[in-house]
Amino acid sequence: MNLRKFNRCKRYMLAGSLKKNGFDRWRLVFNGFNTDTGSDCTFFIEFYLLNPLLSPSECILGFKSRLEKTSEELQYALASTETGKNLLTEKDVKPSFVMVKVGRLSKNGKQFNAYFPSNALKTDTNDYILRVGTSDLNTCTLTDSSTAGSVTVSKMDLIQRPEMLCDAGSFSWNLRYKIEECFLPNFKSATTNWSCFGARTSFAGIILMDGEKYSVNTTTSYGYFDKNWGKDFTDPFFHLSANNLTSNISGKKLLSSCFAVQGIYNKRLSLLSNLEDKQIEFHAGGRKKYSIVYDFSESIPDEDGVKLHWTVSINDRRHVVDVDIFCKAENMIVREYECSDGERKLLKVLSGATGTGELKLYKKVKKNLELIEDVHIANCLCEYGNIEYPVK
């Protein structure tokens with residue numbers, strides 16, 4: 001592993017033109033248990049930077065209502081004339097802010113957003129990867145081994161600022177983490193980058209959400225930590241990852257195993273896997289030739305309701321990897337991200353973390369396939385998204 005590259009990709013990556021037309025997003029996902037009921041669920045914590053140099057001292061949200069016309073011109077609208085209706089147009093602006101997005105991926109899941117101007121952000125110090133906040137009460141931090149913070153959104157906040165694009169509630173956290181498995185190199189292109197530096201990450205600590213307490217333990221956190229940055233998101237956006245894996249062949253828990261799939265990058269996906277030291281990687285940005293077939297679809301409803309279905313099949317001259325995942329639609333939520341170029345564009349990502357299925361690894365032996373491993377997957381992070389454009 002190139003530790004220099006590994007450590008660099010965790011840091012703030014917006015330089016040059018990306019400061020005015022770019023995004024940087026850290027994403028942490030992990031499992032926890034309700035300390036009263038014992039029920040488990042998956043949480044996420046994200047730090048999202050957007051066009052920081054455009055408005056360092058003020059948050060600009062692209063979905064805030066901004067009428068282009070003067071008060072005199074709006075008198076036409078008060079008269080309800082056709083001319084007045086035409087004057088009620090919204091001004092498009094490029095957004096600029098730091099957002100902390102936190103929440104729960106489950107049935108009746110929720111998400112809470114806190115927004116800060118970019119001058120409330122400190123990055124790449126000896127103590128922090130990043131630190132953002134305007135007071136001690138709302139400061140959120142990320143270091144090389146921990147993360148802590150608090151986000152509260154009231155119902156009145158959402159009435160006054162519907163452009164916050166989230167739910168009302170509260171979420172606070174204090175967690176330690178350790179990266180157990182990473183994959184290099186990163187995916188790099190002119191518009192977007194992905195670094196899967198925490199495909200298997202152990203978390204420990206406490207979550208408080210809407211007055212309920214959750215415990216996060218290293219052995220059952222099944223954590224994941226990655227990063228995206230660049231000018232824009234991929235469209236469509238496709239992601240699968242898990243490290244709660246059990247061999248269908250031996251029946252044993254695969255404690256040192258994980259996989260991640262992400263794209264779509266020029267009609268290709270990256271598939272990165274380590275199955276008890278059997279490391280098989282297909283990098284969408286690499287020179288290695290491979291064939292890939294993938295799909296995302298909605299299954300026919302049954303007694304378990306509607307399920308969404310992800311399939312991936314990748315092969316080269318030596319190996320074949322098949323991934324087949326289902327996730328109940330009722331256990332998923334939609335997360336939204338404003339795009340860096342503005343124009344009221346949103347990346348909408350359907351996300352869940354209760355995916356189950358199989359991963360099969362084959363070795364090619366002449367014209368035959370030899371099954372090397374057959375893995376049952378649980379607690380799979382499943383995502384599919386598209387960029388939504390405003391109606392003109």
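The values are calculated or read from the model by the stated rules, or taken from the named source; none is laboratory data. Note that this is a predicted model, so its numbers are computed, not measured. When we count neighbours, we look across all protein chains shown, and the Cβ atoms used for this are built from the backbone with ideal geometry, even at glycine. Only protein heavy atoms, including side chains, enter the accessible area calculation; ligands, DNA and RNA are left aside. Shrake-Rupley method; radii C 1.70, N 1.55, O 1.52, S 1.80 Å.
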Worksheet item: How about segment 292-326: which of its residues are among the β-branched types (Val, Ile, Thr), more than 24 Å from the chain's Cα centre (by Cα) and open to solvent by 30 Å² or more (accessible area, probe 1.4 Å)?
Response: 300
Fill in: In segment 268-291, the residues that are among the aliphatic types (A, V, I, L, M) and either surrounded by fewer than 20 Cβ atoms within 10 Å (Cβ to Cβ) or closer than 25 Å to residue 246 by Cα (or both)
269, 271, 272, 275, 280
Worksheet item: Quick check: is even one residue across segment 361-373 in a strand (DSSP E or B), modelled with pLDDT of 95 or more, open to solvent by 10 Å² or more (accessible area, probe 1.4 Å) and of a type in the set (Phe, Trp, Tyr)?
Response: yes
Worksheet item: Does residue 337 qualify as being among the aromatic types (Phe, Trp, Tyr) and more than 24 Å from residue 23 (Cα to Cα)?
Response: no
Discussion item. Being in a strand (DSSP E or B), open to solvent by less than 60 Å² (accessible area, probe 1.4 Å) and without any contact (Cβ under 8 Å) to a residue 40 or more places away in the chain is the filter here; which residues of segment 149-183 pass it?
Written reply: 150, 172
Discussion item. Tally up the residues in segment 130-148 that are in contact (Cβ under 8 Å) with a residue 60 or more places away in the chain and either open to solvent by less than 10 Å² (accessible area, probe 1.4 Å) or in a strand (DSSP E or B) (or both), please.
Written reply: 5
Worksheet item: What is the residue count in segment 314-353 for residues that are more than 17 Å from residue 25 (Cα to Cα), part of a strand (DSSP E or B) and among the basic types (Lys, Arg)?
Response: 1
Worksheet item: Which of (1) open to solvent by 10 Å² or more (accessible area, probe 1.4 Å); (2) over 20 Å from residue 125 (Cα atoms); (3) in contact (Cβ under 8 Å) with a residue 60 or more places away in the chain does residue 13 not meet, given it meets every other one?
Response: (2)
Item to complete: Scan segment 100-129 for residues that are of a type in the set (D, E, K, R) and either in a loop (DSSP other than H, G, I, E, B) or touching a residue at least 40 places away in the same chain (Cβ under 8 Å) (or both) and jot them down.
Response: 101, 104, 107, 110, 124, 127
Worksheet item: Based on what the data block shows, is residue 214 more than 22 Å from residue 315 (Cα to Cα) and touching a residue at least 60 places away in the same chain (Cβ under 8 Å)?
Response: yes
Practice prompt. Report yes if some residue within segment 209-222 is touching a strand residue (DSSP E or B) at 6+ places or on another chain (Cβ under 6 Å) and within 28 Å of residue 52 (Cβ to Cβ); otherwise report no.
Written response: no
Worksheet item: Has segment 38-53 got any residue that is open to solvent by less than 80 Å² (accessible area, probe 1.4 Å), modelled with pLDDT of 95 or more, not β-branched (Val, Ile, Thr) and not in a strand (DSSP E or B)?
Response: yes
Worksheet item: Would you pick out the residues in segment 83-109 that are in contact with a strand residue (DSSP E or B) (Cβ under 9 Å, 6 or more places away or on another chain), open to solvent by 50 Å² or more (accessible area, probe 1.4 Å) and either modelled with pLDDT of 95 or more or of a type in the set (D, E, K, R) (or both)?
Response: 90, 91, 94, 107
